[in-house]
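First comes the structure, then the notes that go with it.
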Amino acid sequence: MTTNLLDFDLNGLTAFCEGLGEKRFRATQLFRWIHQRGASDFDQMSDLAKSLREKLRGCAHVTALPVVTEHISADGTIKWLFDVGDGNAVESVFIPEDDRGTLCVSSQAGCAVGCRFCSTGHQGFSRNLTTGEIIAQLWYAEHFLRKRFNTDERVISNVVMMGMGEPLQNYSALVPALRTMLDDHGYGLSRRRVTVSTSGVVPFMDRLAQDCPVALAVSLHAPNDALRDNLVPLNRKYPLKELLQACNRYLEHAPRDFITFEYCMLDGVNDQAEHARQLIDLVRGQGADNVSCKFNLIPFNPFPASGLKRSSASQVAAFSKLLSDAGIVTTVRKTRGDDIDAACGQLAGDVRDRTRVEQRMAKLRTIEIKPAA
């Protein structure tokens with residue numbers, strides 16, 4: 001069985017090449033061919049020694065994920081469904097904007113966290129993706145888009161690990177993928193332009209700060225533990241006080257001087273003035289409880305199984321004003337690609353669930369969400 005070279009960051013590829021009796025600079029050449037030029041045929045790699053190309057043909061390959069479907073939104077957003085085998089498929093989304101091109105990448109087939117408002121969580125969890133399967137989404141999208149736009153320039157300037165899955169629950173595959181994205185011989189992305197989104201896996205937030213600090217977004221969605229326990233079940237393991245302390249520890253290493261808190265706006269659930277005031281108190285505490293942050297308010301994208309509704313535009317605006325008036329930078333995420341189910345929280349792919357997701361979600365739906373006092 002041959003090895004897919006998309007599974008390696010540069011250090012991993014160097015070790016692989018050394019195992020073939022080759023020097024480090026050969027690995028760098030190979031890495032550039034794969035990631036900067038999008039080459040998958042070793043015969044194309046003209047500056048590699050013929051002997052190395054022959055070795056590679058016998059033990060390695062560069063293989064992207066099969067594309068099941070491609071959908072293009074009226075606003076230019078593109079969604080791909082990639083086959084990852086065994087009945088599983090994951091989704092990636094390219095979001096074009098005037099000043100950047102952002103790719104939303106999946107890290108798992110499904111998700112075990114089970115957030116109430118996320119359609120991926122309602123599908124359950126099958127398995128972690130490999131490093132190669134994570135980076136293959138970027139590899140395919142970048143070089144597909146260069147051909148589509150007839151350019152040799154980089155098209156994808158930002159990567160957000162906000163697709164299917166909880167990235168920090170697939171840590172060992174995530175970090176080499178991040179290093180490939182950041183490597184100047186790979187995609188050369190800035191640490192400020194690669195974002196990992198987490199629902200709050202505290203121990204791995206601390207590890208990421210040491211191993212590969214990139215921009216961090218935290219799925220907050222509630223201003224108190226009682227509500228967050230219901231919306232984001234992981235909160236029962238890592239409650240808000242622990243999570244905010246981990247955010248401050250991360251900021252000591254982060255490429256940005258703030259944490260982005262993502263907050264999905266749910267009608268009558270977490271969108272009242274009292275919730276906003278609780279959020280202000282939460283992040284503007286004393287000492288270690290004061291977190292340098294910005295809020296990204298996300299209009300909920302409804303799906304029937306959630307039992308939840310989107311907050312009105314006027315309610316979102318009023319909520320945003322309360323946070324802004326308290327001196328907290330607050331933005332409202334523009335909904336993109338919702339006509340092709342590519343908007344935030346809509347990615348669902350195909351998942352062979354290995355968990356009892358229906359029972360877990362049904363239990364959550366029976367818990368009464370009490371309004372703010």
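Taking the range 146-185 on its own, how many of its residues are in contact (Cβ under 8 Å) with a residue 24 or more places away in the chain and among the acidic types (D, E)?
Of the residues in that region, 2 qualify.
Report yes if E97 is of a type in the set (D, E, K, R) and loosely packed, with under 15 Cβ neighbours inside 10 Å, otherwise no.
Considered against the rule, which asks whether it is of a type in the set (D, E, K, R) and loosely packed, with under 15 Cβ neighbours inside 10 Å, E97 comes out as yes.
Which one of these is modelled with pLDDT of 90 or more, of a type outside the set (S, T, Y) and over 16 Å from L266 (Cβ atoms): K334, K309, K294?
Every option except K294 fails the conditions.
How many residues are surrounded by fewer than 16 Cβ atoms within 10 Å (Cβ to Cβ) and touching a strand residue (DSSP E or B) at 6+ places or on another chain (Cβ under 7 Å) when one looks only at the range 219-257?
The number of residues fulfilling the criteria is 1.
Condition check ((1) modelled with pLDDT of 95 or more; (2) buried (at least 20 other Cβ atoms within 10 Å of the Cβ); (3) at negative phi) across all residues:
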residue: F16; (1), (2), (3): yes, no, yes
residue: Q36; (1), (2), (3): yes, no, yes
residue: D41; (1), (2), (3): yes, no, yes
residue: K79; (1), (2), (3): no, yes, yes
residue: V105; (1), (2), (3): yes, yes, yes
residue: G121; (1), (2), (3): no, yes, yes
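Say whether the condition of being polar (S, T, N, Q), in the same structural domain as F261 (by TED's automatic domain parsing), in contact (Cβ under 8 Å) with a residue 24 or more places away in the chain and not in a loop (DSSP other than H, G, I, E, B) is met by at least one residue in the range 106-124.
yes
For the structure I just gave you, tell me whether A64 is touching a Ser or Thr at 6+ places or on another chain (Cβ under 9 Å), surrounded by 19 or more Cβ atoms within 10 Å (Cβ to Cβ) and part of a loop (DSSP other than H, G, I, E, B).
Taking the combined requirement at face value, the residue satisfies it.
So S312 passes all but one of these: (1) among the small types (G, A, S); (2) crowded, with 17+ Cβ neighbours inside 10 Å; (3) out of contact with any Phe, Trp or Tyr (no Cβ under 8 Å at 6 or more places or on another chain). Which condition number does it fail?
For S312, the exception is condition (2).
Tell me, which residue of the range 7-30 that is of a type outside the set (D, E), without any contact (Cβ under 8 Å) to a residue 40 or more places away in the chain and in a loop (DSSP other than H, G, I, E, B) is farthest from A60 (Cα to Cα)?
Here the residue is K23.
Just wondering, is there one or more residues in the range 296-303 that are of a type outside the set (A, V, I, L, M, F, W, C) and in a strand (DSSP E or B)?
Yes, the conditions are met somewhere in the range 296-303.
Failed condition for A141, given (1) crowded, with 22+ Cβ neighbours inside 10 Å; (2) of a type in the set (G, A, S); (3) not in a helix (DSSP H, G or I), with all others met?
Looking at each condition in turn, A141 falls short on (3).
Could you tell me how many of the residues in the range 38-69 are under 21 Å from Y187 (Cβ atoms) and without any contact (Cβ under 8 Å) to a residue 24 or more places away in the chain?
Here is the first cut: in the range 38-69, the ones under 21 Å from Y187 (Cβ atoms) are 38-42, 44-45, 47-48, 60-65, 67.
Within this subset, residues satisfying the condition of being without any contact (Cβ under 8 Å) to a residue 24 or more places away in the chain are 39, 41-42, 44-45, 47-48.
Here the count works out to 7.
Failed condition for W33, given (1) farther than 17 Å from L138 by Cβ; (2) not in a strand (DSSP E or B), with all others met?
(1)
Please find, among S157, S172, the residue that is touching a Gly at 6+ places or on another chain (Cβ under 6 Å), modelled with pLDDT of 95 or more and surrounded by fewer than 21 Cβ atoms within 10 Å (Cβ to Cβ).
On inspection, the qualifying residue turns out to be S157.
The values are calculated or read from the model by the stated rules, or taken from the named source; none is laboratory data. The structure displayed is predicted, hence computed values, not measured ones. Neighbour counts run over all protein chains shown; Cβ positions are idealised from the backbone, glycine included.
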